[in-house]
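Note sheet for the following structure.
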Amino acid sequence: MSEKEILPFGDPILRKKAKPVTEITPRIHKLLDDMADTLYAEEGRAGLAAPQIGILRRVIVMDCGDGLVELINPVLLEQYGEQTGPEACLSYPGYTGIVKRAKYVKISTLTREGKTIVMEAEDYLARCIQHEIDHLDGILYIDHIQNGELFVNRTERRADLMAALKLTQNV
């Protein structure tokens, strides 16, 4: 297992749609393990999608406080409600934006053993799932920012959202 480099905003891979995993192989297990190592390499990280480390596969790892969750080929089945709150991204560290998401989601996903499961989530976990699935579709949280407000975490000052969007459009 090893920590991988997280691609920064502006890398064209972040705007590409990831391909489904067609077979659970030892390479997929290694990918999940490497992604978990990368997620846990620094305190406070909640989720990581494979495109963020340059792998265009529909694979996600998350830990929103209740332990590691691995998602392979997640499909959003249902969503409802609304929550608005701060989001950040490992590919654009140091910045936060206010994003509106569904409060509840239901997804279908494969486990590392290849079993299909249905998972329900609310609140923060639902937010994380939506954020990471967006990564699989080439969508970034700044595409959803409310009121055009992006903030620098250390100072809480407004950042230039348009510059960030232009940076991420380099496809």
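Read-outs throughout are calculated quantities, based only on the coordinates presented, and are distinct from any laboratory measurement. As the structure is a computational prediction, the values presented were derived from the model and not from experiment. So basically every Cβ, Gly included, is an ideal-geometry build from the backbone, and we count neighbours across all protein chains shown.
Dipole of the chain computed with +1 at Lys/Arg Cβ and -1 at Asp/Glu Cβ about the Cα centre; of Gln130, Gly148, Leu68, farthest Cα towards the positive end is Gly148.
Just need log10 I(q)/I(0) for segment 5-92 at q = 0.11, 0.23 Å⁻¹, Debye formula, equal scatterers on the alpha-carbon atoms, no solvent, rounded to two decimals. Taken in order of the listed q values, log10 I(q)/I(0) reads -0.33, -1.31. With the helix formula -39500 (n - 2.57) applied to DSSP H stretches of n ≥ 4, the chain reaches a computed 222 nm mean residue ellipticity of -6500 deg cm²/dmol. Computed over segment 84-129, the convex hull of the alpha-carbon atoms projects to a mean area of 3.9 nm². The length gained by stretching the chain between Val118 and Asp66 to full extension, at 0.36 nm per residue less their Cα-Cα distance, is 17.0 nm.
Of the residues Gly44, Tyr95, Phe9, the one whose Cα sits farthest towards the positive end of the charge dipole of the chain is Phe9 (charges of +1 on Lys and Arg Cβ, -1 on Asp and Glu Cβ, taken about the Cα centre). Structural size metrics of the chain, computed from C-alpha coordinates, are Rg and Dmax of 15.4, 46 Å.
In this Cβ point-charge picture (+1 for Lys and Arg, -1 for Asp and Glu), the chain has a dipole of about 560 debye about its Cα centre.
The label point for Arg27 and the one for Val75, both projected 7 Å from the Cα toward the Cβ, are 2.3 nm apart. Relative to the longest principal axis of the Cα atoms of the chain, helix 26-39 runs at roughly 30 degrees.
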